[in-house]
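Trainee: Have a look at the structure that comes next, please.
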Amino acid sequence: MGHNRHNAAALKAADAKVLLNSTLPFVYKYMTADQIDKVQKVLDAEVVNPEIKKKADEMYQKSVIAQSGAIVMRDERIVSRAFKLASTQIWVTESDKHVRLNYKVLLTPDALISLTDNPDEAQYLARVKQTLESKGVWLRFDHQLVPVPGDYGHWMVDPRSFIAWLSLGYGGDTIPTKSGQIDRESLLGITSIGAGYWEAVHEGPVQKALHKQMEALSSDIDDGIAEHNRLIMRKLDAPIVGGISDTVGGAHLPDISIWDHPHKLLLKAMDMNVHGNVGPSQPYLVVAAIIVRNNAQLVAEYAEKSSSGAESVVKVLKVAKAAGKVAEVGLAVTGVAGLVRGGMSLAAGGAAADASIDEAATKLVTEYTKRNPEIAADLDKVRWIP
């Protein structure tokens, strides 16, 4: 060990094995003999060094053979023995209270496994692994404050009482763990990693994009319903004129209930995203968006044929275009279903762009319902592909 344990034991120094077994038993199982000895050296130094220093100081004081004012004459032989005794102290530094461990044996098998299908989570956990590799997991230990005997409310440092914990990095955040084993909860309990997880995953690019599209589609549905109701009120306010206009133009206004189905699918998409998964939300969002686009186009066709005015046509077509954009982004938001359309942009609109989105959406829904046949009825393509 490099120092005499006999004196330390006689002075009742804390035992490293007892300390580690009582505080971090899982860590102790995987520590090497040299690592345990390093801890013991610090514990021994806390009781041995003060005793040695005290004896060396007393010996040094006894070396005085004559004194006149500030001039002191000493017995050099005693001085030499005093310095020699002082040199037998156990040499330790702050770095001896930091022991780098093999973090891989401390991790549970599922500590770095994604719990959701969100690709942002997998990417973040890969970065956490790199952080563990670079910064390391360290055993830390230091004095434990104990109550002052007979003086309630006051505390003191006891050289024989220590606490031990794990940290991310040499002097980094504490890793919360009861035994020393590091599971997913322990990793996310680390201040820096937990905060980073929330920012990178819960508020990451994929979730932000998905939530943004859900909010956009909800607004599109509201706008579509509002314009649909306006056209219904127009017919009710002027039933004769409206009826003649519809007959001459061959127009038919769909029932207002056409918005119920996409609204239910949107709610389903939101509900399936509650626990962080994005895969189940994606097909529901895309299908809902396509239904909204198709509904808006039907209402726009009515407005155009019934001579409701260019303003109505423009408003409803804006809803169709916006909903189509939601479908497009929804297809690409997780990278699960790539949308390759030969350079076409939805901003340009047109039947070709819609058809391309429909084709990609059909593929997405087909693949998803194969894996999850129980939701096939919800996403019945007959109800959303025109």
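Trainee: Which residues, taken from segment 157-168, are within 16 Å of Leu101 (Cα to Cα) and either surrounded by fewer than 18 Cβ atoms within 10 Å (Cβ to Cβ) or aromatic (Phe, Trp, Tyr) (or both)?
Mentor: Selection gives Trp165 alone.
Trainee: Just to verify a result, which residue in segment 121-174, among those that are assigned to a strand (DSSP E or B) and hydroxyl-bearing (Ser, Thr, Tyr), is nearest to Thr191 (Cα to Cα)?
Mentor: Checking each candidate, the answer is Thr174.
Trainee: For segment 175-196, which positions are in contact with a helix residue (DSSP H, G or I) (Cβ under 7 Å, 6 or more places away or on another chain), free of Cβ contacts under 8 Å to residues at least 60 places away in the same chain and outside any helix (DSSP H, G or I)?
Mentor: Ile175, Pro176
Trainee: Let me ask something else. Can you tell me which residue is farthest from the chain's Cα centre (by Cα) among those in segment 268-299 that are over 15 Å from Ser219 (Cβ atoms), crowded, with 22+ Cβ neighbours inside 10 Å and among the hydrophobic types (A, V, I, L, M, F, W, C)? Explain how you work it out, then say what you get.
Mentor: Within segment 268-299, the first condition is being over 15 Å from Ser219 (Cβ atoms), and the residues that meet it are 268, 271-284, 286-287, 290-291, 294, 297-299.
Those left that are additionally crowded, with 22+ Cβ neighbours inside 10 Å: 273, 278, 281-284, 286-287, 290-291, 299.
This time we only want the ones that are among the hydrophobic types (A, V, I, L, M, F, W, C), so: 278, 286-287, 290-291, 299.
Working: Val278: 15, Val286: 26, Val287: 29, Ile290: 32, Ile291: 34, Val299: 44 Å.
Checking each candidate, the answer is Val299.
Trainee: Report yes if Trp155 is in contact with a Gly (Cβ under 9 Å, 6 or more places away or on another chain) and under 29 Å from Val48 (Cβ atoms), otherwise no.
Mentor: Numbers: in contact with a Gly (Cβ under 9 Å, 6 or more places away or on another chain): no; under 29 Å from Val48 (Cβ atoms): yes.
So Trp155 fails the test.
Conditions tested, residue by residue: (1) surrounded by 14 or more Cβ atoms within 10 Å (Cβ to Cβ); (2) closer than 30 Å to Lys208 by Cβ; (3) of a type outside the set (Phe, Trp, Tyr).
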position	(1), (2), (3)
Leu115	no, yes, yes
Lys129	yes, yes, yes
Lys135	yes, yes, yes
Gly153	no, no, yes
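Trainee: Among the residues of segment 112-153, write down those that are of a type in the set (Asp, Glu), out of contact with any Ser or Thr (no Cβ under 8 Å at 6 or more places or on another chain) and more than 27 Å from Val92 (Cβ to Cβ).
Mentor: Selection gives Asp120, Glu133, Asp151.
Trainee: Of all helices (runs of 4 or more DSSP H) completely enclosed by segment 1-67, which ones contain at least 2 residues that are touching a strand residue (DSSP E or B) at 6+ places or on another chain (Cβ under 7 Å)?
Mentor: Correct list: 16-23, 33-62.
Trainee: Please verify whether Ala360 is out of contact with any Asp or Glu (no Cβ under 6 Å at 6 or more places or on another chain), closer than 19 Å to Ile225 by Cα and at pLDDT 85 or above, treating the condition exactly as stated.
Mentor: For Ala360, the condition - out of contact with any Asp or Glu (no Cβ under 6 Å at 6 or more places or on another chain), closer than 19 Å to Ile225 by Cα and at pLDDT 85 or above - is not met.
Trainee: Something else now. Could you grab me the full set of residues in segment 4-37 that are more than 15 Å from Leu166 (Cα to Cα), in contact with a helix residue (DSSP H, G or I) (Cβ under 6 Å, 6 or more places away or on another chain) and either crowded, with 19+ Cβ neighbours inside 10 Å or in contact (Cβ under 8 Å) with a residue 60 or more places away in the chain (or both)?
Mentor: Ala8, Ala13, Ala14, Ala16, listed by residue number.
Trainee: Restricting attention to segment 101-112, which residues are without any contact (Cβ under 8 Å) to a residue 40 or more places away in the chain and either outside any helix (DSSP H, G or I) or buried (at least 17 other Cβ atoms within 10 Å of the Cβ) (or both)? Quick ask: steps written out before the conclusion?
Mentor: Looking only at segment 101-112, we keep the residues that are without any contact (Cβ under 8 Å) to a residue 40 or more places away in the chain, and these are 104, 109.
The answer is Pro109, and nothing else.
The values are calculated or read from the model by the stated rules, or taken from the named source; none is laboratory data. Just so we're clear, the structure is a prediction, and the values are computed from it rather than from any experiment. Methodologically, a virtual Cβ is constructed for each residue, glycine included, from the backbone with ideal geometry; neighbour enumeration extends over all protein chains shown.
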